[in-house]
1. Cut-off 10 angstrom, C-alpha nodes, Gaussian network model of the chain. Which of 352, 149, 178 fluctuates the most?
2. From the helices alone, meaning DSSP H stretches of at least four residues, give me the mean residue ellipticity at 222 nm for the chain, per-run term -39500 (n - 2.57), in deg cm²/dmol to the nearest 500.
3. Sorted from fewest to most neighbouring beta carbons within 10 Å, what does the list 365, 130, 196 look like?
4. Over the chain, with a Gaussian network built from C-alpha contacts below 10 Å, which listed residue (257, 124, 91) shows the highest mean-square fluctuation?
5. With unit charges on the beta carbons (Lys and Arg positive, Asp and Glu negative) and the dipole taken about the Cα centre of the chain, which residue among 6, 41, 98 sits farthest to the positive side?
6. Read phi for every residue in the stretch 184-199 and hand back ³J(HN,Hα) as whole Hz from Karplus 6.51 cos²θ - 1.76 cosθ + 1.60, θ = phi - 60°, with x for Gly and Pro.
7. With no other cysteine's Cβ closer than 4.7 Å, which Cys residues of the chain count as lacking a disulfide-compatible partner?
8. Over the chain, calculate the relative contact order: mean separation of alpha carbon pairs under 8 Å at least 6 apart, over the residue count, as a percent.
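Just so it is clear, none of the values below were taken in a lab; they were calculated from the coordinates. Given the structure is predicted, the values throughout are model-derived calculations rather than measurements. Cβ coordinates were reconstructed from backbone atoms using ideal geometry, including for glycine residues, and neighbour counts include every protein chain displayed.
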Amino acid sequence: MTTTLFPAQEIGSLMKPRWQIVGQHGEPLDETAREEFRAENARTHFADDLPAAAEALLAGRSREVGAEGVRDLGSLFAIRLFETAGLARVYDGEARRIEMYEYPIRQMRGFQFQGHVRSFDNKYYLKAAVTDEVRLEHPYHVEEFDFVRRHARAEPKLPVTGPYTLADWSYNEYYLARQPGWKGRAARRAGQRDFVIDIARRAIRPTLAALIDRGCRVIQIDEPAAGTHPDEADLVVEGFNAATEGLDAEFSMHICYSDYRALLPQLLEAKRCRQWAWEFANRDRDGRDGYEVLRALREYGDTRSIGLGVADVHRDEVETPERVADRIRRAVGYLGDPTRIWVNPDCGLRTRRLEIARRKLEAVVAGAAIARAEIEPPRR
């Protein structure tokens with residue numbers, strides 16, 4: 001655990017570089033993709049760990065490298081981008097993942113895919129119906145973490161999609177059908193609770209345990225669906241607690257684009273959550289103070305750390321370091337304790353071009369340095 005004030009992290013995925021997408025399909029890189037690869041490697045030297053694969057890819061021999069070899073390079077690129085930007089914790093930007101729902105569901109039994117649906121950023125994913133009891137085929141993300149741990153120079157972390165979101169983004173057929181009588185509001189809620197808990201205990205928890213056994217000490221549970229149904233905040237908490245019960249790691253919970261007050265105080269019952277990784281910068285404009293909601297945590301006496309969103313992932317406009325520092329200052333004022341604050345973008349930067357993503361991360365780090373020079377940590 002870092003003792004530096006306002007350490008930086010990322011809490012979501014990156015856009016995949018063109019050369020990775022082309023190379024994964026076994027196609028030779030075009031000139032644009034080659035130039036992108038060379039420019040990024042000149043900046044971060046990410047390919048130094050896999051020089052033979054990099055040489056073959058640039059020479060047009062993508063099939064020789066193979067899809068998994070190209071993904072290795074993509075993972076290295078994200079790790080080095082985060083490290084050269086100055087982040088204290090890193091992972092691979094989810095370079096191996098298509099998105100956050102379909103892959104984990106494919107590692108489980110009891111689901112049948114129904115068709116594609118559109119996500120908020122006009123991407124598509126396959127949505128599944130649960131038609132039988134949830135069972136885990138095998139723990140997942142383990143090889144992904146192994147690669148990050150081998151190559152990361154900063155502290156490695158790993159994001160995992162949470163049980164509530166996996167259940168909410170699925171059609172609940174099996175667990176609803178088990179409810180007796182009329183399938184009204186009470187039955188639907190009971191069926192959803194059973195679904196969330198089964199995913200948590202039978203799939204997420206074994207996966208987390210396997211990751212911890214491999215040395216993963218920092219795990220982020222992603223629950224983007226939490227804010228869409230604030231009346232089910234208790235189900236989010238039950239799923240989190242069931243997934244993390246008895247496990248020894250530093251767990252955080254990432255919830256984006258939400259009215260966090262509507263999730264309180266129920267959310268505070270997440271027993272093993274040590275950090276809230278939330279979005280603030282997105283709403284910090286047009287005369288609004290996006291950080292005022294932090295008052296609520298102080299009012300409830302919650303003392304966990306905060307993953308403070310200080311860069312808006314929906315806009316290409318790059319925040320100035322001074323603007324980032326101002327947001328940190330305000331957050332310190334509301335929380336009272338600067339040692340609780342980590343800084344990050346609001347969410348993943350996958351909707352931004354890589355150049356913009358890099359500049360935003362660098363602004364986050366530079367703004368943290370400004371605030372760090374001004375603010376003294378409290379005496380213990």
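1. 178
2. Numbers: 15 runs with 161 residues, N = 380.
Here the helix-only value at 222 nm equals -12500 deg cm²/dmol.
3. Numbers: 365 18, 130 24, 196 28.
Going from least to most buried by this count: 365, 130, 196.
4. Answer for the Gaussian network model of the chain: 124.
5. 6
6. Taking θ as phi minus 60°, the curve returns x, 4, 5, 5, 5, 5, 5, x, 5, 4, 4, 5, 4, 5, 5, 4 Hz for the stretch 184-199.
7. By the Cβ distance rule, which asks for a partner under 4.7 Å, the isolated cysteines are 216, 273.
8. Values: 721 pairs, mean separation 66.5, N = 380.
Once normalised by length, the contact order is 18 percent.
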